[in-house]
Amino acid sequence: MTNTSMSTREKVEKSMVRRRAAEKRFRTYGMASVLFGLLCLVGLFGDIINKGASAFRQTVIQTEILIDADFLGINKKADDQEIRNADFEGLIKQHFKAMVQPQGRGERRQLYSMISAGAAWQLQEAVIADPSLLGKKLSVNLIADDDVDQWFKHDRGTELHNNRMSETQVKWLEQWIDQDMLKTQFNTLFFVNGDSREPELAGIRGAITGTFLTLLVTFLLSFPIGVAAAIYLEEFAPRNKITEFVEININNLAAVPSITFGLLGLAIFINIFGVARSTPLVGGLVLTLMTLPTIIISGRAAIKAVPPSIREAAFGLGASKMQVVFHHVLPLALPGMLTGTIIGMAQALGETAPLLMIGMVAFVVDVPGFVNDPSTVLPVQIFLWSDSPERAFMERTSGAIMVLLGFLVTMNTAAVMLRRRLERRW
């Protein structure tokens, strides 16, 4: 009897050891999976930051240049248009030609190519702001060409060589470094300029403005429509085959590839209703179609989460169906609806495929002023820059991705804070 009891105990103990070992292995595998995911995320963010951080610094050439009124053919009483027509580019070329003294036309061409086309715009804006600078020497940080920018930030002092920089140009750059003329400063143009063919002048202001206007249109359309649809389906719609058919299709639409909505927007909004291509208006309409299923599903879930006792108490006090829904259920479900809406908007922020179908891939330099102006959005801007062969555009691609990730993190953080602030616990 004792031997049998001990044998059973040993079996139980061995079984418990195996179960504990299995549980320990499962926890280990789970922790390893989470750790692997975090390492991948850190590696991804680290690579993006490593490649994109330098996009926020711009190489400039610090020099003193005489604003020669006789060469420009203007005086201190000239209006803005006369100043804009003046040859500031020629003035800059004359200044550097006298400073470096290149030999022959080839060296002059190499010298002039080291200075950005935006340098003339810098002088022009400075003189427009203060016409008294005419006839004086101005200390200015002129924007360097993107090849100079990449060489100074990445290739200088290494074995890497930029094939677009000649030995003569490198020699001049080394002389300017010895004279403390080359330096980097915060790249404000990256945030205040629109897109440009010149990498050193390209910025994301147009894309950010287009993104804001597109998301504004999306929110103004998708939130009221989505909330109204969720309330009707959950509170007022009769339970029949038609309602079931609608619910099934809403759930299916949430899983439809996003490019399908772009094709739908192209066929309906552009070809039938004649909405202008490549505008925040048509972009917002397309993203509204894509976001609506998410908002409706999250809205219905938020309405279901309201305790039935709230409805029963309101009905018991003599409230009508409309009063119960809009005075009691909706205020309690609204935090969940807003959270789902923000998450849907964050998803729309990162979409590219549907916007490509409606023409928002166009090269747009000007910053849009309203929803019917041509524009692009950040994901599409990233796509355009990533397809460019210049090294500086690749750098700015990573910088724009960092800005986009900042938008996404901000929107998701707002969703979490909104839920914690507004939700009620029962």
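The values are calculated or read from the model by the stated rules, or taken from the named source; none is laboratory data. Small disclaimer: the values here were computed from a predicted structure and weren't measured. Here the Cβ positions follow ideal geometry from the backbone for every residue, glycine too, while neighbour counts run over all protein chains shown. Side chains are part of the model used for accessible areas, which takes the heavy atoms of the whole protein and leaves out ligands, DNA and RNA. Shrake-Rupley method; radii C 1.70, N 1.55, O 1.52, S 1.80 Å.
Beta carbons closer than 7 Å, at least 6 apart along the sequence or on distinct chains, pair a first residue in segment 328-348 that is more than 18 Å from residue 214 (Cα to Cα) and in contact (Cβ under 8 Å) with a residue 40 or more places away in the chain with a second that is open to solvent by less than 10 Å² (accessible area, probe 1.4 Å) and not in a helix (DSSP H, G or I) for 329/306; 332/306. Picking from residues in segment 22-66 that are buried (at least 16 other Cβ atoms within 10 Å of the Cβ) and among the hydroxyl-bearing types (Ser, Thr, Tyr), the one that is farthest from the chain's Cα centre (by Cα) is 63.
Just name the residue that is least open to solvent (accessible area, probe 1.4 Å) out of those in segment 194-208 that are within 17 Å of residue 122 (Cα to Cα) and hydrophobic (A, V, I, L, M, F, W, C). Among them, the one singled out is 202. The single condition from (1) within 30 Å of the chain's Cα centre (by Cα); (2) surrounded by 18 or more Cβ atoms within 10 Å (Cβ to Cβ); (3) over 21 Å from residue 378 (Cα atoms); (4) not hydroxyl-bearing (Ser, Thr, Tyr) that residue 253 fails is (2).
Looking across 64, 89, 13, one residue alone is touching a residue at least 40 places away in the same chain (Cβ under 8 Å) and out of contact with any His (no Cβ under 8 Å at 6 or more places or on another chain). It is 64. Just one of (1) closer than 15 Å to residue 334 by Cβ; (2) open to solvent by 10 Å² or more (accessible area, probe 1.4 Å); (3) at pLDDT below 90 fails for residue 306. It is (2). For segment 92-134, the set of residues classified as open to solvent by 60 Å² or more (accessible area, probe 1.4 Å), part of a loop (DSSP other than H, G, I, E, B) and under 23 Å from residue 202 (Cα atoms) consists of 117 only. Only residues that are open to solvent by 50 Å² or more (accessible area, probe 1.4 Å) and of a type in the set (Phe, Trp, Tyr) were counted in segment 384-420, giving 1. For segment 67-84, what are the residues that are hydrophobic (A, V, I, L, M, F, W, C) and either assigned to a helix (DSSP H, G or I) or open to solvent by 80 Å² or more (accessible area, probe 1.4 Å) (or both)? Residues satisfying the conditions are 69, 71, 72, 83.
Apart from one condition, residue 165 fits all of (1) modelled with pLDDT of 90 or more; (2) among the aliphatic types (A, V, I, L, M); (3) closer than 30 Å to residue 400 by Cα; the exception is (1).
In this entry, residue 360 passes the filter for residues that are open to solvent by less than 50 Å² (accessible area, probe 1.4 Å) and under 15 Å from the mean Cα position of the chain (by Cα). Remark: pairs (first residue in segment 378-404, in a helix (DSSP H, G or I); second residue of a type in the set (Gly, Ala, Ser) and surrounded by fewer than 23 Cβ atoms within 10 Å (Cβ to Cβ); Cβ separation under 6 Å; 6+ apart in sequence or on different chains) = 379/350; 395/54; 397/386; 398/52; 399/52; 402/52.
Residues of segment 173-182 that are within 15 Å of residue 114 (Cβ to Cβ), surrounded by fewer than 16 Cβ atoms within 10 Å (Cβ to Cβ) and not aliphatic (A, V, I, L, M): 174, 175, 179. Which residues, counting only those in segment 173-201, are assigned to a loop (DSSP other than H, G, I, E, B) and of a type in the set (Asp, Glu)? Residues satisfying the conditions are 180, 195, 198. Of 228, 202, all but one fail to be at negative phi, in contact (Cβ under 8 Å) with a residue 60 or more places away in the chain and not acidic (Asp, Glu); the exception is 202.
When segment 286-319 is filtered for residues that are farther than 23 Å from residue 249 by Cβ and either touching a Pro at 6+ places or on another chain (Cβ under 9 Å) or part of a helix (DSSP H, G or I) (or both), the ones remaining, listed by number, are 308, 309, 310, 311, 312, 313, 314, 315, 316. None of 212, 191 is surrounded by fewer than 21 Cβ atoms within 10 Å (Cβ to Cβ) and more than 30 Å from residue 139 (Cα to Cα) except 212.
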